[in-house]
1. What pairs can you find where one residue is in segment 206-226 and charged (D, E, K, R), the other is open to solvent by less than 70 Å² (accessible area, probe 1.4 Å) and part of a helix (DSSP H, G or I), and their Cβ atoms are less than 7 Å apart, with a gap of 6+ or different chains?
2. Looking only at segment 292-324, count every residue that is open to solvent by less than 10 Å² (accessible area, probe 1.4 Å), over 19 Å from Trp356 (Cβ atoms) and in contact with an Asp or Glu (Cβ under 7 Å, 6 or more places away or on another chain) and tell me the total.
3. Which of the residues that make up segment 672-686 are crowded, with 20+ Cβ neighbours inside 10 Å and of a type outside the set (Phe, Trp, Tyr)?
4. Please determine, by comparing only the residues of segment 576-616 that are charged (D, E, K, R) and under 19 Å from Thr566 (Cα atoms), which one is surrounded by the most Cβ atoms within 10 Å (Cβ to Cβ).
5. From the list Glu627, Glu652, Glu718, which one is farther than 30 Å from Val759 by Cα, more than 49 Å from the chain's Cα centre (by Cα) and open to solvent by 50 Å² or more (accessible area, probe 1.4 Å)?
6. For segment 483-501, indicate whether the set of residues that are open to solvent by 40 Å² or more (accessible area, probe 1.4 Å) and of a type in the set (Ser, Thr, Tyr) is non-empty.
7. Looking at segment 633-661, which of the residues that are under 18 Å from Ala710 (Cβ atoms) and assigned to a loop (DSSP other than H, G, I, E, B) is modelled with the lowest pLDDT?
Amino acid sequence: MLRLRPSQFHIRFSSSSPFSSLLDPCYLNSCFHIFLSKQFLAFKSLLQFHSLIITTGNSKNVFFATKLMSFYASHRQPALSTHLFHSIHPKDGFLWNSIIQSHFSNGDYLQAFGFYLQMRASSSLPNQFTVPMVLSTCAELMMLNHGMNIHGLALKLGLFYGNSAVGSSLVYMYSKCGHTESASLLFDEITLKDVVAWTALIVGHVQNNESEKGLKCLFDMHRYGGAPNYRTLGSGFQACVDLDALVEGRCLHGLALKTGILCFEVIKSCLLSMYSRCGSPEEAYRCFCKLNKKDLISWTSIIAVHAKFGLMTECLSLFWEMQADEIIPDEIAISCMVLGFGNSDRTSEGKAFHGWILRQCYAVSEITHNALLSMYCKFGLLNTTEKIFHSFHKSSKEDWNTMISGYSNMGQKEKCIDLFRDMQLLGIGPDLISLASVISSCSQVGAVNIGRSIHCYAIKNSIIENVSIANSLLDMYGKSGNLTTAWRIFHRTQQRDIISWNTLISSYKQSGHPAEAIVLFDEMIKNNLKPNAITCVIVLSACAHLASLDKGERIHQYIRENGYGTDITIRTSLIDMYAKCGELETSRKLFNAVEERDVILWNVMISSYGMHGHAESAIEIFELMEESNVKPNSLTFLSLLSACNHGGLVEEGRRLFDRMQKYGVKVSLKHYASMVDLLGRSGSLQEAETLVLSMPISPDGTVWGSLLSACKLHNEFEMGVRIARHAIESDPENDGYYIILSDLYGCLGRWEEVERVRVIMKERGVEKRTGWSAL
C-alpha cells in the first residue's frame, strides 16, 4: 500500500487552522489512497480532491497531476487538463503522454497533435505509449506525411519491433489514409500479431472498399488461431453486406456464437443488419427477436428487409407492434413501409397507408415524398404520380430522378426524355439510374440524336466509364445499327461486365451480323469471362439465323460442359436452333427430354414442325400440349395456322381457328391474315372474303394482300380487282399491290386501266422495287 508522509506534501497549516485535521498522516494517506485507486470520480469529488492536493502543497507533483488530467479528460474537460499541464514544470514523458491522451480521448485530434509537436520541440522523445496515440491522431486527421515521419522515428528509436501496439497503430494509420497495400506490408512485418493488429488490417480493408480482402484476412486470422473481438466480427459482417455474401455471413454468425461474442448487443445488431441487407427476412427476424433492447434502428431494419420483398403482411404487423412498444416511427421507417407497398403491388393498401400518413399529420419529408413517388410509379398510376410530384413546394434531385426512372418503367418514353430536358434547364444533375433510363428511352423511341447529346453529357461529366451508362449507350447505338460507335464504347469501357458483352453480341446479331456475334462469343470465352444463360440464348439464335449446324453443336457442347443444360430458356433455344438447321429429330429428342415444359417451349416445337411442312406433327404436339394442361396463347395458334397453311390442312385450320375462343385467345390481324391465306390457297375465295368482311377489326394491308394473292393464283380477276382496291387503300405505299392490280387489268384486257394504275403510282411516288436474287 502506498503510504504518503505529511512532509512530502509541504503542509503549511497551523494547529488553529480549520484544516488542522488534515495534518493527521493517517487521514491524508487514506484520502490519497482513495484518489489513486479510483478509476472514476464524480466531478464534484474530483474538484474536492484537486483542492486537497493544492492545499496540501502537492499541486506540482507530476504523479498527481497526470491522475487529475486523466480524470478531467474522462469528464470531457480537456481544457482543465491543459491548464493543469501548463502549471507543471519540468515536463517529463509521462506528463506529455497524459496531455496528449486527454485531448485524443475527447476527439480533439488537432490539439493532441499540437502537443506532440510541442513535445518534440522540447527535445522530449516519444515512447511506446506516445507513438500509438499520435499515429491514431494522424489517421483521424488523414495526415499521411506526418504519420510516415512518426513511422520513421519509431523505427529509429526501436519502438516498432516487438511492440504490437505500435505496429497495429501503423497498420491503422496507413489503412485509414487509403494505403492498404502499405498497411498489409507492415502487418506482415509485425512479429506478434494480436487481435488489435488483425482488426486494424481487417477494418482498413473494409473501409477502403476492399471487403473481399478484409473477409479473407478474417478467415486467415481464424485459421492461424487468432481470437476475434466484437469489432473484428463487426467489420466481417459489414464485408458480407458489401459483397452480398450471405453464406460467409452465416459462417461468421456461427463463429460469434462459438466464441461467445454473440452476447454483445452490438454484435446482435450487426447480425440483424447483415441478414437484413443480404436479403434474408427469416434469419433477420430470428436475430431481431433475440435483441434485448429493440430501438428505432432495429425496428426499421426488420421492417425494411420485409418491405424489400414486398412481404407487407409481416411489415404491417411489425409496424403496429413497434408503435405498441411505444417506438414512434420516423420518416425512414414510414418510407420503408411505402416502398414495401410498391414492391408488393398492393395498390389499394398502399393508397390507404398514404391516407394514414396524412391523417396522422406526419410532415411529409423529402424522403417520404420520394418514397410515395416511387410507390405510385410502380403502381403505374401516372396521374397520381404527377400530382404528388407537382404538389411538393420544391422537388428534390431524388424526386426528379425517381420521376424520370418511373416514366421509363411505365413506358412513357417521350415524357421521360422531356422531363430530363426540364431537369437540365433547372441545373439539376441526374443520377446514374435516371441517366441510364433516359438513354434507354431514346433507344426505344429512336431518338438517337438526343441519345448522342446525352452521350456527350456523360463524357463531359466523366461518367462515361460507369458500366451501367456504357451498357445503355451500347444498347442504343446497337439498336440503331451504329455498330462502329457501339464497338468503340465497348472497348473503351474498362470495367466490362457480362451485360456489356451480351449487349454487343446481341447488337451484332440483330443488325444482321450473326457470324460476328459468334466471333464475339468466342472472344468472350478467351477473356475468361463466363457467359450466362442470356449469352447462350443470343448466340444460339445467331447460329439458327446462319443455319450453321457445326457452330450450333459446338456451343451446345460448351453448354453441356458448363452445366447450363437444365435451363429451360437454353433448352428452348437449342430446340429452335436444331430445327432451323434442319435437325428436326434432334429437336424432338431435346423436347422429349424436358419434363416441365412451358408454353414457349411447346410453341417452338409446333413452329419447328410447321416451318418444315409437317403440319400433322405440329397438330400432334398441340394435342399433347392440351393433355399436359398447358394453356395455349396467341403465338400457339398463329404457329398452328401457319403449319396448316404450309400443309394445306383447311379443315384442321378451320377447327383450330374456332377453338381460339375456347381458350379466350383474342384473334389478331395476323391470325386473320393466316386464315385468309389458308382459305385463299385452297380456292375458298368467297369464304375468305366473307371472313374478311366479318372481321370485328379493320383489316390491314396484310389481310387484303393475302386474299389478293389468292385471287391472282386462282385467276379470279374480277374479284381480284375489287380486293386490290381495298389492299391499296389499306397500304398505299406497297408497290406489290399496284403491280398485281395492273396484271389483273391486263388479264382482263383493260389496258386503259393498266396505264391509269401506272399514272397513280407515279403521282403517289410509289416506285417498283428492283428485284434481286441470292444466287
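The values are calculated or read from the model by the stated rules, or taken from the named source; none is laboratory data. Source: prediction; values computed, not measured. Note: ideal-geometry Cβ built from the backbone for every residue, glycine included; neighbour counts use all protein chains shown. These area figures cover heavy atoms from the full protein model, side chains too; ligands, DNA and RNA do not enter into them. Shrake-Rupley method; radii C 1.70, N 1.55, O 1.52, S 1.80 Å.
1. Matching pairs, first to second residue: Glu210/Thr180; Lys213/His205.
2. 0
3. The answer is Ala673, Ser674, Met675, Val676, Asp677, Leu678, Leu679, Gly680, Leu685.
4. So, considering only residues that are charged (D, E, K, R) and under 19 Å from Thr566 (Cα atoms), the one surrounded by the most Cβ atoms within 10 Å (Cβ to Cβ) is Asp576.
5. Every option except Glu652 fails the conditions.
6. Checked segment 483-501: at least one residue is open to solvent by 40 Å² or more (accessible area, probe 1.4 Å) and of a type in the set (Ser, Thr, Tyr).
7. Residue satisfying both the conditions and the ranking: Gly648.
Each row is one residue, and each column tells you yes or no for (1) surrounded by fewer than 16 Cβ atoms within 10 Å (Cβ to Cβ); (2) in contact with a Phe, Trp or Tyr (Cβ under 8 Å, 6 or more places away or on another chain).
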| position | (1), (2) |
| --- | --- |
| Leu192 | yes, no |
| His222 | no, no |
| Ala227 | yes, no |
| Phe237 | no, no |
| Ile261 | no, yes |
| Leu272 | no, yes |
